[in-house]
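The structure appears right after this line, and notes come after that.
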Amino acid sequence: MARHLITSAIPYINGIKHLGNLVGSQLPADLYARYLRGRGHEVLFLCATDEHGTPAELAAAKAGKPVAEYCAEMWQVQDKLGQGFRLSFDHFGRSSSEQNRKLTQHFAGKLYEAGLIEEVTEKQVYSNADGRFLPDRYIEGTCPNCGFESARGDQCDNCTKQLDPVDLINPRSTISGSTDLEMRETKHLYLRQSQMKDRLEDWIDTRQGWPVLTTSIAKKWLNDGDGLQDRGITRDLDWGVPVQRGDAPWPGMEGKVFYVWFDAPIEYIACGAEWVEAGKGDDWERWWRTDKGAEDVRYTQFMGKDNVPFHTLSFPVTILGSGEPWKLVDYIKSFNYLNYDGGQFSTSRGRGVFMDQALEILPADYWRWWLLSHAPESSDAEFTWENFQASVNKDLADVLGNFVSRVTKFCRSKFGEEVPEAGSYGPDETALIETLTTRIRSYEAHMESIEVRKSSNELRAIWVAGNEYLQTAAPWSTFKEDPEKAAMQIRLALNLIRLYAVISAPFIPDASAAMLQAMQTEDGSWPDDVNQALQILEPGHAFTVPDVLFAKITDDQREEWAARFAGTRT
């Protein structure tokens, strides 16, 4: 048994997340956590809401609520939606927690002592119309790199290039829309990332097997142009972690807060402390400090590609630069974008299907299966209603659901609602066990390598193998000449339902639970030996015929949903 620490990129608090956000971090992280738990490993799976910075302030202002109140309410919403999608976090925390405030200030003090923070007097955008300095995300304009017209002052969402507000063409205030902007002097703290470039590059080179997407983005930021740049880590905002050196004030930084991208990754660690305070665990340091037992932990992070620079560079600078024995990430699984019906999903523009809307029209497993089986790993992926309908109907309804229904109903009609006495396996059964063994070992290898699409393809093939066996064995025909042989075939098939429930649980946990319940067993043991696994439900073991696992999506439903979600969310 190994120990696995898993974190998902923490979602911004500014509204309900769309399906592209979900598949870019939280959902595949949950898949991996569920798989590892199923194999008997010790897992700590952490996530939180990212509550500081301008997105929170802007969203609260739009909602007409104090920012703290808005964040508290939206945390409840996001927590509930996470549960709705069966995200199995050990703790879902908040970056506005007292634990994160203390830890962020602690790291700032250590980095200052190490000479990695300097005070810089700089010119910053001031909006005369708003009467205030504008942090990066309060400014939008045209990206000088790709021409995207809604680039933010810190980064372009379209090409992911890191920006400064002065780089933008035709900048405007996102508060008032005013273009009456000027540059004024102010003082801020900068993290001296450039001093850590060689150490970062050496560290990245020691990471084994990282996805090309992850390493290419990190290396690009390290070496392109002028290389890794120092980064401002304070902002002129009211909402955030107040700037301090540990417990001490920071002269000249009064009224300022730390930049959200400085404190947000620190929340991963703080979330562990929140987990303990919530009474769910008893020792977070054994997961996060290598001098307290974390040396044997494997730490995996999940995120969209736009978050990679901060997790491969800025956050490691914080950890390494502190000089303290904190656990560094071992593997970063990054994802491309999921696009929506010919364009981009967008939280700010309300385009696409959002988590609450998705759960209103279909249960979580439908979405989980489609999103994970189409995860944007090697390239961007595209959600279309036609593809969604076809995938659900074929994979979930026709292959898996139909297998469960046919087997249980046939058994009930011919042998009653219990596993029948059985004869001996023949060549078809032996061949099936060999096929399943090969495919399950392949499935395990893909899951352990976090190859999400390949894992789903292998799982689908395992389901198909059962259907092909059923077609070949044809127990409904066999029963007429050899009832004992038909009983053996059905006994194997009933056991296969339990096996399917166990290995499918990471993808479709609700359907898995329904299959186990129908088989009236709590035995979730992994099929290390397939032959033995297909004998767990013994003759005489009672079962029930479950309700339809997956209803097919009709053409009328597909057309209705396509029309409903064709515009933008209001």
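The values are calculated or read from the model by the stated rules, or taken from the named source; none is laboratory data. Quick caveat: nothing in here was measured; it's all calculated off a predicted structure. Please note: Cβ atoms are built from the backbone with ideal geometry, for glycine as well, and neighbour counts cover all protein chains shown. The area values use the complete protein model at the heavy-atom level, side chains included, leaving out ligands, DNA and RNA. Shrake-Rupley method; radii C 1.70, N 1.55, O 1.52, S 1.80 Å.
With a probe of 1.4 Å, find how much accessible area the chain has per residue, and write the answer as a whole number in Å².
40 Å²
Need one number: nm distance between label points at Ser477 and Thr384, each 7 Å from Cα along Cα→Cβ, rounded to one decimal.
Simple spin-label model gives 3.8 nm for this pair.
Obtain the nm distance between the two label points defined at Asp282 and Ala542 by a simple spin-label model: each point lies 7 Å from its Cα along the Cα-to-C-beta direction.
Placing both labels 7 Å beyond Cα along the Cβ direction yields 3.8 nm.
Can you tell me which lysines have their Cα less than 29 Å from the Cα of Lys454? Leave out same-chain residues fewer than eight positions away.
Correct list for Lys454: Lys17, Lys219, Lys220, Lys305, Lys333, Lys394, Lys552.
Of all accessible surface on the chain at a 1.4 Å probe, what whole percent is carbon and sulfur? Walk me through the intermediate numbers first.
Details: 10280 of 22720 Å².
In the chain, the share of accessible area belonging to carbon and sulfur is 45 percent.
Let me have the 222 nm mean residue ellipticity of the chain computed from DSSP H runs of 4+ only, each contributing -39500 (n - 2.57), with the sum over all residues rounded to the nearest 500.
It lands at -13500 deg cm²/dmol.
Calculate how many DSSP beta bridges within the chain are antiparallel, expressed in % of all such bridges and rounded to the nearest 5.
So the antiparallel bridges amount to about 60 percent of the total.
Counting other Cβ atoms within 10 Å of each Cβ, which GluC sites (Glu not before Pro) in region 86-188 have at most 16 and sit in a DSSP loop?
Loop-located and lightly packed - Glu149.
List the cysteines of the chain that have no other Cys Cβ closer than 4.7 Å: which are they?
By the Cβ distance rule, which asks for a partner under 4.7 Å, the isolated cysteines are Cys47, Cys71, Cys271, Cys411.
By how many degrees, 0 to 90 and rounded to 10, does the Cα axis of helix 402-415 deviate from the longest principal axis of the chain?
With rounding to tens, the tilt is 30 degrees.
On C-alpha positions alone, give me the angle between the axis of helix 427-448 and the longest principal axis of the chain, in degrees, nearest 10.
With both axes taken from Cα atoms, the answer is about 10 degrees.
For the Cα atoms of the chain, what angle does the longest principal axis make with the long axis of helix 509-518, in degrees from 0 to 90, nearest 10?
Around 30 degrees separate the two axes.
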